[in-house]
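The structure that follows is given in the form of structure tokens.
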There are 2 protein chains.
Amino acid sequence: MEKKITILPGDGIGPEVVAAAVRVLQAIGKRYKHEFHLAYAAIGGAAIDQFNTPLPEETIETCSQSDAILLGAVGGPKWDNNPPELRPEKGLLQIRKTFDLFANLRPVKSFPSLLDSSPLKREVADNVDLLIVRELTGGIYFGEKKRTESAASDLNIYTREEIERIVDNAFELAKLRRGRLCSVDKANVLETSRLWREIVEEKKAQYPEVEVEHNLVDSVAMKLITNPSHYDVIVTDNMFGDILSDEASVITGSLGVLPSASIRGDSFGLYEPVHGSAPEIAGLGIANPAATILSVAMMLRYSFGMKEEAAEIERAVNAVFEDGYFTRDLAKDKDSALTTDEWTDKVIAEIDTNFVADSIMESYI
Amino acid sequence: MEKKITILPGDGIGPEVVAAAVRVLQAIGKRYKHEFHLAYAAIGGAAIDQFNTPLPEETIETCSQSDAILLGAVGGPKWDNNPPELRPEKGLLQIRKTFDLFANLRPVKSFPSLLDSSPLKREVADNVDLLIVRELTGGIYFGEKKRTESAASDLNIYTREEIERIVDNAFELAKLRRGRLCSVDKANVLETSRLWREIVEEKKAQYPEVEVEHNLVDSVAMKLITNPSHYDVIVTDNMFGDILSDEASVITGSLGVLPSASIRGDSFGLYEPVHGSAPEIAGLGIANPAATILSVAMMLRYSFGMKEEAAEIERAVNAVFEDGYFTRDLAKDKDSALTTDEWTDKVIAEIDTNFVADSIMESYI
Ligand SMILES: [Mg+2]
Ligand SMILES: [Mg+2]
């Protein structure tokens, strides 16, 4: 296959982790005989410095000519006192809006070799493999805001259409996974939640292979910690998704291994690590590239339909952890920590070795 | 001191755990020479069965003549198909509204002897002693709800006054504790949160002994799990408080040990365990009364200013756990589990023994 990808390195450790992930992407391309054409563009603080805007027209143009976007991270102290329109984060909000990326995918999968870093007991965090699907462009974060002398308000509003498209998305994702969908709302008090629940119930018939449960947000906030392995796909609105996906991110013991995607229902999407730009370690070559590498795996799976390739990256990352190789953030013995590049080399070597092993097997068949 | 307390046993295990807590209350009264006058009244399903309403006028009347209310639990399958106005839970909502109980206090304190039951690692859950102060009568749960053919909405609205009174309350509570207050909002996107944050900043000057931090709700959802011992008092709005207090409730490893209070700024308040009516074990005499007993301790502290008495109940409960006595829900060896009454006897014996020891000490001085 041939695919065009826009690379947005961004700020802080963004360029470093993106460079590492691109190397893994190219290794996969070579092994599976795909051609990935890369176009680099500016976003965030880097774009402000160069173009005086966090999302230049050229970047939008480049992205619209691509099949997917890989982003590093945006932001840093340098731009913290900028006016709202000149904040790096604005670039991220604008790109999601420009391309109508309404579904935020936040998978949480525990790596056995990292369970010591989890705040949860080993037996609780083990075998967690869940995917939170968060509505990203509607709800209370975007509803009308009002302020008077004596009060303030925010309108939580959802149209039927907005809910239908995210719910469809979540059902499709559940089909690709273990076939279980938990819809999260607060239907005992919120009208938006009651509409949400009705729509999930209506859609159920179209996806007979998916098992559906409804759960209240406060109850899920508990169960995500007491029994996270219960969940497969969780679908919820913008605000609940914001809270629950951040809560769930602590399960694995490290933000450094969490990828994410923002998609829109067709194959186009933006892929980025959950962690931020970590300006304090930028340029040192010690950042953990795992989350960005795993974001590339998500891109392959969701945007390009390359399931085997995606699984191979995930297998390789896990194997490198299992072999006891970690970057500084996860290494118990800091002296043995690998640099960003060294750790990426291990992942690529793992992919190559596996490929050679496969080829030898094949030549015997 | 002389105090009048209305006892609302309610449904399921409510009557059993309330009876146990009343015994502890009377033991404390005897030891510290207080007179507690009790008046029993109906609420929830029990009130529906007897008076055809979940909150009879007589109950309101009795409560208004008291200094505080102790409630067991409401609800059960018997009333699950009742119309909204005849649901047991409605009684609880109405009593909070009738008495304007706008502040919900949810303390979470870990007991060393229960840490095995926590989903968190021992070192994470140990030494947690936090108090969530949730605004209970405003915000999105009570704002205007709308539904059209194609959309639904909920209005999140707070007046300055509503925020001021809960924030004052939280500052006062922080003064009584370790002097640290974390105000939780989503000020980067919500107008109600920006007003909330402004008010906390305004109030700060009145409470120079309290150290204040502001935190975003999604970030607190993470930190409550990664570093719960960081927190002293947390104050937040109705919805965030709902989610965070339920999330925090998993830290101790058991809902069976979590008390709560709903107060209004003067000394009047309603005290109840966090757990529900557990109809499946009602009448068996095996329910864990710890949460209700600890709710009595909260009543003594917050409504009656009896700090020493409250601390004595908490000390006794902890001592009984430390001695290895548990009810069925917490006992590792179910055969050695104590009944509700047996476990309560241990708590009372602990209080009595301590009192005798104190008296002997005093007679030597
Ligand atoms: Mg967030
Ligand atoms: Mg709740």
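The values are calculated or read from the model by the stated rules, or taken from the named source; none is laboratory data. Only a predicted model underlies this, so the values are computations on that prediction, with no experimental measurement involved. Cβ sites come from the backbone with ideal geometry, for glycine too, and all protein chains shown count toward neighbours. Surface accessibility is based on the protein's heavy atoms, side chains included, excluding ligands, DNA and RNA. Shrake-Rupley method; radii C 1.70, N 1.55, O 1.52, S 1.80 Å.
What average number of partner chain Cβ atoms lie no more than 10 Å from the Cβ of the residues making up A:236-242?
That works out to 3 on average.
Pairs B:K4/B:K334; B:K78/B:K334; B:K97/B:K307; B:K33/B:K97; A:K97/A:K332: which are spaced more than 32 Å apart, C-alpha to C-alpha?
As for pairs spanning more than 32 Å Cα to Cα, those are B:K4/B:K334; B:K33/B:K97; A:K97/A:K332.
Considering only protein heavy atoms, with the full assembly of protein chains and a 1.4 angstrom probe, order B:S336, A:S260 by accessible area, largest first.
Heavy-atom accessible area, descending, gives B:S336, A:S260.
Which of the GluC sites (Glu not before Pro) across segment A:203-250 are loop residues per DSSP, with 14 or fewer other Cβ within 10 Å?
A:E209
So how do A:M1, B:M239 rank on accessible area, 1.4 Å probe, biggest first, that is with the largest at the start?
A:M1, B:M239
Run the accessible area of segment A:129-250 with a 1.4 Å probe and give the carbon-and-sulfur part as a rounded percent.
48
About the Cα centre, and with charges only on the beta carbon of Lys, Arg (+1) and Asp, Glu (-1), how big is the dipole of the protein assembly as shown? Nearest 20 debye, please.
240
Moving on to the next point. With an 8 Å cut-off on Cα pairs and a minimum separation of 6 or more residues, tell me the relative contact order of segment B:129-250 in percent.
Reported relative contact order: 40 percent.
Something else now. How far is B:K4 from the same spot in each other copy, in nm, shortest first, if each label point sits 7 Å from Cα toward Cβ?
Result, one decimal in nm: 8.0.
Nearest 5 percent is fine: what portion of the DSSP beta bridges confined to the protein assembly as shown is antiparallel?
45
At 7 angstrom along the Cα-to-beta-carbon line, where would the label on B:E198 sit relative to the other copies? Give the distances in nm, shortest first.
Nearest first, the other copies' label points are 3.6 nm away.
Follow-up question, since we're still on this one. So, taking all protein chains as they sit and a 1.4 Å probe, how much accessible area belongs to B:V317, in Å² rounded to tens?
Surface accessible to solvent at B:V317 totals approximately 0 Å².
Taking R0 as 35 Å, what's the FRET efficiency between A:K4 and A:L86 from their Cβ-Cβ distance, rounded to 0.05?
Step by step, r from the Cβ atoms, then E = 0.75.
Further, regarding this structure: What whole number of Å gives the distance from the Cα centroid of segment B:242-262 to the Cα centroid of segment A:1-52?
If we compute the Cα centre of each part, the gap is 45 Å.
Moving to a separate point now. Rolling a 1.4 angstrom probe over the protein chains, ignoring ligands and nucleic acids, what is the accessible area of A:C182 in square angstrom, nearest 10?
In the full protein context, A:C182 sits at about 0 Å².
Let me ask something else about it. Can you find, among A:T340, A:I313, A:S295, the residue sitting farthest towards the positive end of the charge dipole of segment A:289-365, where Lys and Arg contribute +1 and Asp and Glu -1 at Cβ?
Of the options given, the answer is A:S295.
How much accessible area per residue does segment A:137-216 have, counting only protein heavy atoms and a probe of 1.4 Å, in square angstrom?
Result: 45 Å² of accessible area for each residue.
OK, next. Interface A/B, total buried accessible area with a 1.4 Å probe, nearest 100 Å²?
The summed interface area works out to 4000 Å².
With the label 7 angstrom out along Cα to Cβ, how close does B:P84 come to the same site in each of the other copies, in nm, nearest first?
So the label point of B:P84 gives 3.5 nm to the other copies.
With charges only on Cβ, +1 for K and R and -1 for D and E, what is the dipole size of segment B:129-250 about its Cα centre, in debye, rounded to 20?
Result for segment B:129-250 is approximately 80 debye, rounded to the nearest 20.
Now for a separate question. Give the accessible area for B:S193 in Å² (nearest 10); use a 1.4 Å probe, count only protein heavy atoms, and leave out ligands, DNA and RNA.
Its accessible surface works out to 10 Å², give or take rounding.
Using heavy-atom solvent-accessible surface (probe 1.4 Å) with all chains present, what is the largest-first order of B:L176, B:L101?
B:L176, B:L101
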